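Student: Following this message is one structure expressed as C-alpha cells.
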2 protein chains.
Amino acid sequence: MTVYERTPETTPSRHPERARYDADTVHSILDEALIGHLAFVVDDVPQVLPTLFVRVDESIFLHFSTGAGPARLAKRRWGIPVSFEATLVDGLVLARSTFNHSANYRSVVVHGKLSLVDDKARKREVMRQLVEKIVPGRSEDARGPDDRELRQTAVMELPLETVSAKVRTGDPKDDARDMKRECWAGVVPLLYGRGAPVPAADLGAGITIPRYLGPQTPR
Amino acid sequence: MTVYERTPETTPSRHPERARYDADTVHSILDEALIGHLAFVVDDVPQVLPTLFVRVDESIFLHFSTGAGPARLAKRRWGIPVSFEATLVDGLVLARSTFNHSANYRSVVVHGKLSLVDDKARKREVMRQLVEKIVPGRSEDARGPDDRELRQTAVMELPLETVSAKVRTGDPKDDARDMKRECWAGVVPLLYGRGAPVPAADLGAGITIPRYLGPQTPR
C-alpha cells in the first residue's frame, strides 16, 4: 500500500489525529469529488478557483482555457506553486453544545507545483479520463477534441507528493457536563444524487437518453 | 438594490458575461452554500482551507480554533489578505462534443482582508447565526458557548466589498458542425438533500428527533 510522507506541511495544525496518509484514502476522496479548489498567488494576492479535475495514477489534472489565469501564469514561469483542496461533506454533527458541533467530512489537500502538459496524446488521454470520471461512457458518444480544441486547452498536472487527507466520522463528542441535557444529539447525513437528465431544447427527435445516464448516485 | 463595483479584480478572465454584481445573487449563493474555501499565503506558499461560514449583512464570518493557521496569522498582522470562494454545482452540461461540455454552477469569489472579531457579544451573535444558517432552530436547543469557549474561538470577518458572482445556467452550446451528430445533449441535474437524522449512540432514551430537523432539503 502506498503511504505518502508525513511532513510539517502535511500535518494539520488542528486535529492531527484525523489525518490520513494512505493512497487508498486519498485516491478515493479525489475520485469521488466532482470539483476541487485551486489556490495560487498573483502579485502577492491569494486567488482561489473552483475547478473540475481528475486523478490519474499519482497526479491530478486540471484544465483551463489557455487564456485563463493559471495557464497564463504557467507560461510565464514553469511550475507555479499552488495548493489544491477537495472536500466531501458527509454529515452535520449535532452535539449538546453548539461549541461541540462539527461536520463529518473527507478532504484532501495537495501542495506542489502545477505544470503544463505539452504532449498532445497525453492531453487527449487526460481529457478523456476527465469526461469518463464525471459521466462514464460519455467519451465514446460525444465528439472528442480536435487539434485546434486541444491547443486551446491548457492541461495542468499536479503530482500527489505533498498530500494528505483529513477524515471525521461518527458521533458528536460532548462535554461530560452536557450529557444530562434534554437535547437531541447525532448526525444529519447529507445526500448527493443526480436527477433525471433534461434534454437540450434543440435535441433531435428520436435521440433517447443513453444507457450510461441511467440511475446512478455518485456525486 | 445593492450592486457591487465591477473592478479588474472582480472581472473574470473567462466568460465575463457570466459575472453578476447584484447583492441579491451574491447573498443567495452565500446563504445556500454550506462550505466555502479560504485561500491565504503563508511564507509565500498558497494555502486553501474548506470551512463553514455565514453571511451577516455585508460580511461573511468564518471561525477557527485560536490555534489554527488563519487565526495565528491574524494575530501577527491585522487584516490578512485572502480570497474566499463558495460554489454550488447545479448540473452537468453534456454537449455533442466533449470540448463544449460544461457545468451549470453559481459561485461567489470575495477578495479582501480577514480580520478578527474582538467584541464578545458580536462573536456570540455571529456563532448563533452560523448555527441557525445550518440547522434553523438548533441554537435554542443546544447549549450556547460560555466565555471560555468563546475565547477559544477565533471569529473572523471578511467584508463583501471586492466581490462578484458567476452563474451558468441552461443548455449546452454546441458548434454548428456537431448538430447533426446522433448524440444525446442536455443537462444532468445534481441534487442535494438531507437524510434521516441518526441519533448518537449515547442519546438518552425518550429524546425524540426535534421538529426543526423535519423534512427539508437545503444543501
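Just so it is clear, none of the values below were taken in a lab; they were calculated from the coordinates. Predicted, not measured: the structure shown is a model, and the values here were computed from it. FYI the Cβ positions are ideal-geometry reconstructions off the backbone, even for glycines, and counts take in every protein chain you see.
Student: Arrange A:R6, B:R181 by Cβ neighbour counts within 10 Å, fewest through most, would you? Before the final figure, lay out each step's value.
Tutor: Details: A:R6 12, B:R181 18.
Fewest-to-most ranking of A:R6, B:R181: A:R6, B:R181.
Student: Still on this structure, I have one more. Fewest first, what order do B:D202, A:D43 take by the number of other Cβ atoms within 10 Å?
Tutor: Lowest count first: A:D43, B:D202.
Student: Sticking with this structure for a sec: Karplus couplings for the stretch B:36-43 from phi (6.51 cos²θ - 1.76 cosθ + 1.60, θ = phi - 60°), rounded to Hz, Gly and Pro as x?
Tutor: After applying 6.51 cos²θ - 1.76 cosθ + 1.60, I find x, 10, 9, 10, 8, 10, 10, 6 Hz.
Student: Could you work out, residue by residue across A:190-199, how many beta carbons of other chains sit within 10 Å of that residue's beta carbon, and then give the average as an integer?
Tutor: Mean shielding count: 6.
Student: Counting other C-beta atoms within 10 Å, and keeping those with at most 11, which DSSP coil trypsin sites (Lys or Arg not before Pro) do you find in the stretch B:17-111?
Tutor: Those satisfying the criteria are B:R77.
Student: Let me ask something else. At a Förster radius of 35 Å, what calculated FRET efficiency corresponds to the Cβ-Cβ distance of A:Q129 and B:A176, to the nearest 0.05? Before the final figure, lay out each step's value.
Tutor: Numbers: r = 28 Å, r/R0 = 0.80.
Between A:Q129 and B:A176 the formula returns 0.80.
Student: Using the 7 Å Cα-to-Cβ label point, sort the distances from A:G206 to its equivalents in the other copies shortest first and give them in nm to one decimal.
Tutor: 7.0
Student: Could you pull out the chymotrypsin sites (Phe, Trp or Tyr not before Pro) across the stretch A:1-103 that fall in loop regions by DSSP (anything but H, G, I, E, B) with no more than 14 other Cβ atoms inside 10 Å?
Tutor: A:W78
Student: Another question, if that's okay. Taking each pair of different alpha-carbon atoms in chain A once, compute 1/r for the pair, average those values, and report the inverse of that mean as the Kirkwood hydrodynamic radius in Å to one decimal.
Tutor: After inverting the pairwise mean of 1/r, the radius is 20.0 Å.
Student: Considering only A:S28, A:V48, A:V187, whose Cα is most displaced toward the positive end of the charge dipole of chain A, charges sitting on Cβ of Lys, Arg (+1) and Asp, Glu (-1)?
Tutor: The residue sitting most towards the positive pole is A:V48.
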